[in-house]
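Participant: My questions all concern the structure below.
What follows draws every value from the coordinates through simple rules; no lab data is involved. Every value quoted in this text rests on a predicted model; they were computed, and no experiment measured them. No Cβ is skipped: glycine too gets one built from the backbone with ideal geometry, and neighbour counts run over all protein chains shown.
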Amino acid sequence: MVIFGTALLAACYVVGLFIGDILGSLIGVKANVGGVGIAMIMLIAAQYFLRKKGWMKPESERGITFWAMMYIPVVVAMAATQNVLVAFKSGPMAVTAALGSVLLCAVAVSVINRIIERAHGGKPWQPEADGENL
């Protein structure tokens with residue numbers, strides 16, 4: 001059922017926010033640090049694990065797919081609420097952290113794509129080629 005996929009997303013989101021709050025308190029920031037990103041990584045890992053074990057039914061995956069498509073607009077809306085001007089006025093650390101995270105993500109995506117291409121004989125990964133229905 002679609003609701004099981006949504007429930008998996010909700011569980012990952014709650015755990016991700018909890019971990020983000022803990023990370024924030026560990027570094028002395030009174031904010032959630034990376035909770036939504038941690039939640040999405042957990043969701044990807046859980047989806048992979050469940051699919052590999054054969055426990056992910058197509059109906060459940062529809063709930064995850066729906067929220068995965070909604071993820072980018074939600075993150076953009078969340079980022080729009082941040083006060084970017086105050087961050088820039090606070091000093092170069094905010095700019096350095098932003099540029100560093102963008103560069104790190106670009107490198108990570110590039111490395112992941114190369115690993116996948118090598119695993120598939122130099123061809124980009126496609127769900128149909130692996131017999132998966134997405």
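Participant: What list of ³J(HN,Hα) values in whole Hz, one per residue of the range 35-51 in order, does the Karplus curve 6.51 cos²θ - 1.76 cosθ + 1.60 (θ = phi - 60°) give from phi, with Gly and Pro shown as x?
Facilitator: x, 5, x, 4, 4, 5, 5, 4, 5, 4, 5, 5, 5, 4, 4, 5, 5
Participant: Among the lysines, select those whose C-alpha is under 29 Å from the C-alpha of Lys30, and discard any that sit fewer than 8 residues away in the same chain.
Facilitator: Candidates past the 8-residue exclusion: Lys89.
Participant: Taking θ = phi - 60°, what integer Hz values does the Karplus form 6.51 cos²θ - 1.76 cosθ + 1.60 yield along the range 107-120, in sequence order, with x for Gly and Pro?
Facilitator: 3J(HN,Hα) across the range 107-120, in whole Hz: 5, 4, 5, 4, 5, 4, 4, 5, 4, 5, 5, 5, 5, 10.
Participant: Using the 10 angstrom Cβ neighbour count as an exposure proxy, how do Leu103, Leu9 rank, fewest first?
Facilitator: Values: Leu103 10, Leu9 23.
Neighbour counts put them in this order, fewest first: Leu103, Leu9.
Participant: Another question, if that's okay. For the range 1-76, give the magnitude of the charge dipole about the Cα centre (Cβ charges: +1 Lys/Arg, -1 Asp/Glu; no others), in debye to the nearest 20.
Facilitator: Dipole of the range 1-76, to the nearest 20 debye: 200 debye.
Participant: So what J values fall out for the range 20-29 if you push phi through Karplus, 6.51 cos²θ - 1.76 cosθ + 1.60 with θ = phi - 60°, rounded to Hz, Gly and Pro as x?
Facilitator: Whole-Hz 3J(HN,Hα) from phi for the range 20-29: x, 5, 5, 4, x, 5, 5, 9, x, 10.
Participant: Taking the number of other C-beta atoms within 10 Å as the exposure measure, put Trp55, Trp67 in order starting with the fewest.
Facilitator: On the way: Trp55 9, Trp67 19.
In order of increasing Cβ crowding within 10 Å: Trp55, Trp67.
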